[in-house]
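Everything on this sheet refers to the single structure shown next.
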Amino acid sequence: MRDAAAIDPDLPRALREAFDRSFAAPRAAPAARGVDFLAIRAGRSACAVRLKSLKSVVKGVAVSPLPTRREALLGVASVGGGVVPVYALAALLDGGPVAHPPSFALVTAGACPVALAFDSLDGIFSVAPRDIRPSAQKGRAPRYVLEVAETEVGARPVVDVARVEQELLLRRGPSGAERQE
Amino acid sequence: MARSWTFGRKVACGFAVVVALAVVTGVVAVVALLGVVAQKDRVIAVNAANLIDAERLHGAVANKVSGTRGFLLSGASAFAEEVKSSRKEALDLLAALSGRVESERSRRLLSEVARAEAAHQAVVERVMSERAASADSEAALARFVEELTPSREEMERCLGEFVAHEEALLVDGRRSSSESASTAIALELAVTAGALLAAVLLAFVITRGLGRQIGSAVQHVQNSSVECQAAANQQAAGARAQASSMTEIATTISELLVTSRQIADSSQRVAHIAGETSGAAGEGERMMRLARESMGSIKSQVDLTVSHMLELGRTSQQIGSVLDLITEMADQTNILAINATIEAAGAGDAGSRFAVVADEIRKLADRVANSTKEVRALIDGIRSSVNATVMATEGGSKAADAGARQFGEVTTSFNRIAQLVGTTTEAAREIELSTKQQASAVEQVNVAIANVAQATKETEASSTQTLQTASQLAGLSRELARLIHPDVVA
């Protein structure tokens, strides 16, 4: 519990100044921008996905469950006027069951978009291309993690969403019907 | 029955028996003496008189013979008269003897004497008549010798036999009298010996009986005196112990009296203090009533504070709800900014400027979200503080309720205490009065104990006197027992 007596009395003023300063500060030049990533958390994993591989991010998506034995498939949801299958990204990465329904979902930007549900959204960060390196733990890392983005706070695995979409497409077939493994 | 006789009766009976034996002995002696005397009298009166009369008869005969001779020689009449008077004396003696003799032989001998005397008298009268007729004295003498001498000798012979017989009777009577006297003496001795033996036996029996009874009684008296001595000893010891105890009791009673007076003083002080306590309890009750009213006011204020704090909590909750909405809007704005960034990234260089705007929007949304988090934290802090304050205030309200109830209970207890203090005051006063009465009673008891102690000392002295008396009685009983059984009592 935070004690009311411990509230900094200058906090409103500091917030006001920061708010005003954000509008007063010069905008960053577009050329200076690197590769943009969306920092997310899926299960126990903190990872990132390239923004270019995404179509959109939704919160509080309503998932209609489907009768299936595949644990990663949560169901289908209506996103952006279309029905997409919703998969649990944590289940795809770690292979374990989904403890609770994820709050967020990202929609892939492929030809057959799918929604990958994740637990929390940490934000967007941008790194220089040189800070993107291949994953050094091949064979041990999930098969969808091929790169690692080095940030100021540490390395974050990059999930290859296109590959996830491609394998899910291969798994369910062109008709969209899910194949039983 | 003889066992129940008294010593006096037994001794009197013994004396009576002894006297009776003495009387019997005396009677026997008197009777024997009378018999002996009678026999002696008979011997003297009969045999001795006969013998004397016989001798007198012999003298009368001799006188007659001598008178006859004188007459024959002289022819004087005096001699004749002498012969006649002698003859008359002889006849009188014969008559007396005839009337006195008792035995047949004496009568026969006496009749022979009378016949010889008559024969002699006949010769005398014939000779004297012849002498009176003749003057020849010689012839008369010759005739005297010839005729009178044989008759005289015959008469003397008969008289001699009679005298001898009478002498024999006298001897027999004397011997018989002596034998009777001896018999009487022997009887008297026998009776005396029997009486003496009976007296000795009676004395032995009485002495033994009395000795036994007196010895038993003395033994009982001795035992009783010993027991009395022991009892007197015990009584004296008990009296001394009682005197000692009485002294201790008197000391204790004195201490008790002092203690009772101290208790009375303490009770008086307790009563005074209880009275003051009663006043203080009343004051305390009033203060408690005021405090209870203050507690009621505090409770009302606390309830009002709780109500305001609950209202503040509800307002904070509403702020939190609004803040949730703002947070949701910030999240959605963030999502929109992200999607805008995605769209700008998908647009390539054409979307670079839009990407910048979207980034600004996203940062703004982040700042809003961060500010919202800060505000939420503040609101949460306020709500926590409000909740804590509400909890504390409710606790205070409950404490105030409990305090009010406890004040009520305390007030009730004070009332009860005031009542009890009043009761205690009354009890203390009663205790004070009772203690004073107790002190008075203890004083009376002390006086009574002193009297009892004095009586105990007197009892001790009396017990000592009794002990001395019992000792003297024991000594006397031993002396008496020694007098009765000298060989038994050491």
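Out of the stretch A:40-65, which residues are surrounded by 15 or more Cβ atoms within 10 Å (Cβ to Cβ) and part of a loop (DSSP other than H, G, I, E, B)?
A:Gly43, A:Val61 - these are the residues of the stretch A:40-65 that are surrounded by 15 or more Cβ atoms within 10 Å (Cβ to Cβ) and part of a loop (DSSP other than H, G, I, E, B).
Check off (1) touching a residue at least 12 places away in the same chain (Cβ under 8 Å); (2) assigned by TED's automatic domain parsing to the domain that holds B:Gln317 for B:Glu460 and give me the number that stays unchecked.
All conditions pass for B:Glu460, except number (2).
Kindly list, by first and then second residue, each pair from a residue in the stretch B:366-391 that is within 10 Å of chain A (Cβ to nearest Cβ) and of a type in the set (S, T, N, Q) to a residue that is surrounded by fewer than 18 Cβ atoms within 10 Å (Cβ to Cβ) and in a helix (DSSP H, G or I), limited to pairs with Cβ atoms under 6 Å and residues at least 6 apart or on different chains.
Once the first residue is within 10 Å of chain A (Cβ to nearest Cβ) and of a type in the set (S, T, N, Q) and sits in the stretch B:366-391, its partners that are surrounded by fewer than 18 Cβ atoms within 10 Å (Cβ to Cβ) and in a helix (DSSP H, G or I) give B:Ser371/A:Leu15; B:Ser385/A:Ala4.
Of all residues being more than 7 Å from chain A (Cβ to nearest Cβ) and without any contact (Cβ under 8 Å) to a residue 12 or more places away in the chain in the stretch B:349-359, which is nearest to the chain's Cα centre (by Cα)? Just the residue, please.
Selected residue: B:Gly351.
For A:Val63, state whether it is closer than 11 Å to A:Thr108 by Cα, away from chain B (no Cβ under 14 Å) and over 16 Å from the mean Cα position of the chain (by Cα).
Answer is no for this residue.
Taking the conditions exactly as written (closer than 28 Å to B:Trp5 by Cα and in contact (Cβ under 8 Å) with a residue 24 or more places away in the chain), does B:Gly211 satisfy them or not?
Taking the combined requirement at face value, the residue satisfies it.
Look through B:Ile335, B:Ile326 and report the one residue that is in a helix (DSSP H, G or I), of a type in the set (A, V, I, L, M, F, W, C) and either facing chain A (nearest Cβ under 9 Å) or in contact with a Leu (Cβ under 9 Å, 6 or more places away or on another chain) (or both).
B:Ile335
Could you tell me which numbered condition B:Thr25 fails, if it satisfies all but one of (1) over 60 Å from the mean Cα position of the chain (by Cα); (2) modelled with pLDDT of 80 or more; (3) surrounded by 14 or more Cβ atoms within 10 Å (Cβ to Cβ)?
With (1) over 60 Å from the mean Cα position of the chain (by Cα); (2) modelled with pLDDT of 80 or more; (3) surrounded by 14 or more Cβ atoms within 10 Å (Cβ to Cβ) applied to B:Thr25, the lone miss is (1).
Is it the case, given these coordinates, that B:Ala231 is in contact with a Lys or Arg (Cβ under 7 Å, 6 or more places away or on another chain) and hydrophobic (A, V, I, L, M, F, W, C)?
no
Out of the residues in the stretch A:1-46 that are within 9 Å of chain B (Cβ to nearest Cβ) and within 21 Å of A:Thr151 (Cα to Cα), state the one that is modelled with the lowest pLDDT.
That would be A:Ala31.
Criterion first (out of contact with any Leu (no Cβ under 8 Å at 6 or more places or on another chain) and either within 14 Å of chain B (Cβ to nearest Cβ) or more than 24 Å from A:Thr151 (Cβ to Cβ) (or both)) does A:Gly75 satisfy it?
No; evaluated as a whole, the condition is false for this residue.
Scanning for something within 30 Å of A:Ser56 (Cα to Cα), among the aliphatic types (A, V, I, L, M) and in the same structural domain as B:Thr333 (by TED's automatic domain parsing), does the stretch B:373-390 turn up at least one residue?
Within the stretch B:373-390 (the criterion being within 30 Å of A:Ser56 (Cα to Cα), among the aliphatic types (A, V, I, L, M) and in the same structural domain as B:Thr333 (by TED's automatic domain parsing)), the answer is yes, since at least one residue qualifies.
The values are calculated or read from the model by the stated rules, or taken from the named source; none is laboratory data. As the structure is a computational prediction, the values presented were derived from the model and not from experiment. We place every Cβ from the backbone using ideal geometry, glycine too, and count neighbours over all the protein chains shown.
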